[in-house]
Amino acid sequence: MAHDTASSTGIRIGHIGRRRQSEVPIGRLPVTVTHTGSLFGGLFISGFALFWGGVPTLGLIADGLPDLSRPENWLFLLFPTIAVGLFLFGLRMLRWRKTVTIDDLFVTVEERGLAGTETWQEPRTAYQGVLSHSRRVKTKNSSYTLYMVELAHPERRRSVNLYTSYSERGWRGKWEDYARWLELPALQEGSDGLVARDTGDLDKPVAELIREGKLEVDYALLRERAEGLAVDIEGDTIVVTRTGPELAWWGALIMLAFPLVFVYVGFFLDDTPAIVGWFLGGLGLLFEVAFVTAVVWDLISRKRLRIDPERITANAVGPKGETKGKSIQVGEIEEVTVGRRKGENAVKLLITGDRQRLSFGQHLPRASLDFLENLVLAKIAKHHPGR
């Protein structure tokens with residue numbers, strides 16, 4: 001985590017709950033924002049690295065070092081190696097400081113780290129636009145999504161973060177505001193690369209874009225068969241259900257097999273020291289239980305998308321019926337597209353509004369996703385002809 005202050009505007013960027021929200025304040029240029037690493041976080045990670053790597057290493061020494069000439073014993077180097085990396089990461093967090101200045105002509109960045117201080121400058125005209133994206137983060141004990149807006153540069157390391165939040169609420173509005181403020185195209189990641197949108201269309205609902213001819217519905221595509229999907233009509237509601245599990249069979253096998261490696265090394269490999277064996281074996285069993293639960297639920301349930309005149313709901317149907325799921329009001333939908341989240345390989349259907357976003361259809365064939373996109377657009381066009 002980090003603590004941020006905006007110096008030239010006099011605005012302090014605070015925290016939301018226990019998690020940070022980083023935001024470049026919109027106002028008169030120039031604006032300067034300084035990010036510094038967390039003192040508590042750096043000390044905690046460094047101390048944890050010493051404990052987490054030190055205890056197993058001392059256990060190895062006490063029980064006798066394994067013969068490292070045998071490849072199967074190289075796994076014992078896992079703890080000290082990761083511990084060194086974590087320790088250096090903690091030290092970097094303690095030292096890290098990044099200052100970003102945006103003015104009428106240039107973007108200037110000064111970043112201090114373990115290796116010293118680097119300063120660079122780019123003209124604002126070198127930036128492609130303002131990019132909206134999300135990124136899934138997984139930690140040891142939890143997982144969460146970061147909702148981000150950045151000033152996008154063709155050279156990735158020169159892109160500049162403008163906004164980061166752990167909440168989806170207000171994220172799209174910030175993306176729109178930054179694009180207008182900096183007078184740059186609003187960018188999103190599509191399945192075939194970056195897609196630019198005119199800033200004048202950002203607040204318009206999908207129905208209005210269809211009415212203005214800026215968004216077309218491919219009705220011919222709706223006559224094609226959508227592989228992996230079953231489509232039913234319940235009154236004014238279209239119900240789309242996956243006909244198979246979401247996980248590919250090979251993906252499920254990898255999930256189930258991975259923890260067994262730790263179980264084998266921990267409980268069945270003769271050369272494993274006792275303290276390390278119990279740790280690795282117990283960790284493997286915990287992961288195996290979690291992964292088996294996820295795979296079983298995927299096998300006995302089916303993902304479902306309910307499209308009615310007023311809302312769209314993504315949920316699942318299992319042995320005890322449908323789950324509540326997540327919904328978005330049709331009138332709030334500002335984009336329906338096929339794409340992927342940043343850092344993910346899976347392309348899916350994305351339905352986006354100012355306060356909410358749904359996704360559906362991960363690992364479906366592209367033709368089926370295109371069918372879904374046009375099915376949703378056609379339903380919106382029919383019941384919401386625009387303002």
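The values are calculated or read from the model by the stated rules, or taken from the named source; none is laboratory data. Because the structure is predicted, anything quoted here is derived from the model rather than measured. Cβ sites come from the backbone with ideal geometry, for glycine too, and all protein chains shown count toward neighbours. Ligands, DNA and RNA are stripped out before the accessible areas are found, and what is left, the full protein with its side chains, is counted by its heavy atoms. Shrake-Rupley method; radii C 1.70, N 1.55, O 1.52, S 1.80 Å.
Mind checking which residues of segment 144-170 are in a strand (DSSP E or B), within 12 Å of the chain's Cα centre (by Cα) and surrounded by 15 or more Cβ atoms within 10 Å (Cβ to Cβ)? Before you say what the answer is, go through the steps one by one.
In the first step, residues of segment 144-170 are kept if they are in a strand (DSSP E or B); the result is 144-152, 160-165.
With within 12 Å of the chain's Cα centre (by Cα) added as a condition, the list becomes 144-148, 164-165.
Matches in segment 144-170: THR145, LEU146, TYR147, MET148, THR164, SER165.
I'd like to check something: does segment 177-191 contain any residue that is in a strand (DSSP E or B), modelled with pLDDT under 80 and buried (at least 18 other Cβ atoms within 10 Å of the Cβ)? Yes, because at least one residue in segment 177-191 is in a strand (DSSP E or B), modelled with pLDDT under 80 and buried (at least 18 other Cβ atoms within 10 Å of the Cβ).
Here is a list of conditions, (1) out of contact with any Pro (no Cβ under 7 Å at 6 or more places or on another chain); (2) in contact (Cβ under 8 Å) with a residue 40 or more places away in the chain, and ASP298 meets all of them except one; can you say which number that is? Only one criterion is unmet by ASP298, namely (1). Put simply, of LEU105, LEU151, LEU114, LEU162 the only residue that is more than 22 Å from PRO30 (Cβ to Cβ) and either touching a residue at least 12 places away in the same chain (Cβ under 8 Å) or out of contact with any Pro (no Cβ under 9 Å at 6 or more places or on another chain) (or both) is LEU114. Taking segment 271-387 and the strands (runs of 3 or more DSSP E) fully enclosed by it, the elements with 1 or more residues that are charged (D, E, K, R), at pLDDT 90 or above and within 28 Å of ALA220 (Cα to Cα) are at 302-307, 311-318.
The sole residue among ALA314, ALA346 that is under 27 Å from LYS174 (Cβ atoms) and buried (at least 18 other Cβ atoms within 10 Å of the Cβ) is ALA314.
What about THR99, is it farther than 30 Å from PHE87 by Cα and open to solvent by 20 Å² or more (accessible area, probe 1.4 Å)? Outline the logic, then answer.
Values: farther than 30 Å from PHE87 by Cα: no; open to solvent by 20 Å² or more (accessible area, probe 1.4 Å): yes.
The answer is no for THR99.
The residues of segment 103-123 that are out of contact with any Ser or Thr (no Cβ under 8 Å at 6 or more places or on another chain) and open to solvent by 40 Å² or more (accessible area, probe 1.4 Å), listed by number, are ASP103, ASP104, LEU105, PHE106, ARG112, LEU114, ALA115, THR117, GLU118, PRO123. Report yes if GLY213 is modelled with pLDDT under 90 and of a type in the set (Gly, Ala, Ser), otherwise no. Yes. Listed by first and then second residue, the pairs linking a residue in segment 28-44 that is more than 16 Å from THR119 (Cβ to Cβ) and open to solvent by 70 Å² or more (accessible area, probe 1.4 Å) to a residue that is modelled with pLDDT of 75 or more and part of a helix (DSSP H, G or I), with Cβ atoms under 8 Å apart and 6 or more places separating them unless they lie on different chains, are LEU39/LEU94; LEU43/GLY90; LEU43/LEU94; PHE44/GLY90. So in segment 216-270, with the set limited to residues that are over 21 Å from LYS348 (Cβ atoms) and aromatic (Phe, Trp, Tyr), which one is surrounded by the most Cβ atoms within 10 Å (Cβ to Cβ)? Filtering segment 216-270 for residues that are over 21 Å from LYS348 (Cβ atoms) and aromatic (Phe, Trp, Tyr), the one surrounded by the most Cβ atoms within 10 Å (Cβ to Cβ) comes out as PHE262.
Just checking, does segment 234-253 include any residue being on the phi > 0 side of the Ramachandran plot, modelled with pLDDT under 90 and assigned to a loop (DSSP other than H, G, I, E, B)?
Within segment 234-253, the subset on the phi > 0 side of the Ramachandran plot is 235.
Remaining after also requiring modelled with pLDDT under 90: none.
No, there is no match, as no residue in segment 234-253 is on the phi > 0 side of the Ramachandran plot, modelled with pLDDT under 90 and assigned to a loop (DSSP other than H, G, I, E, B).
Against the list (1) in contact (Cβ under 8 Å) with a residue 12 or more places away in the chain; (2) open to solvent by 20 Å² or more (accessible area, probe 1.4 Å); (3) under 23 Å from the mean Cα position of the chain (by Cα), the condition ALA290 fails is (1).
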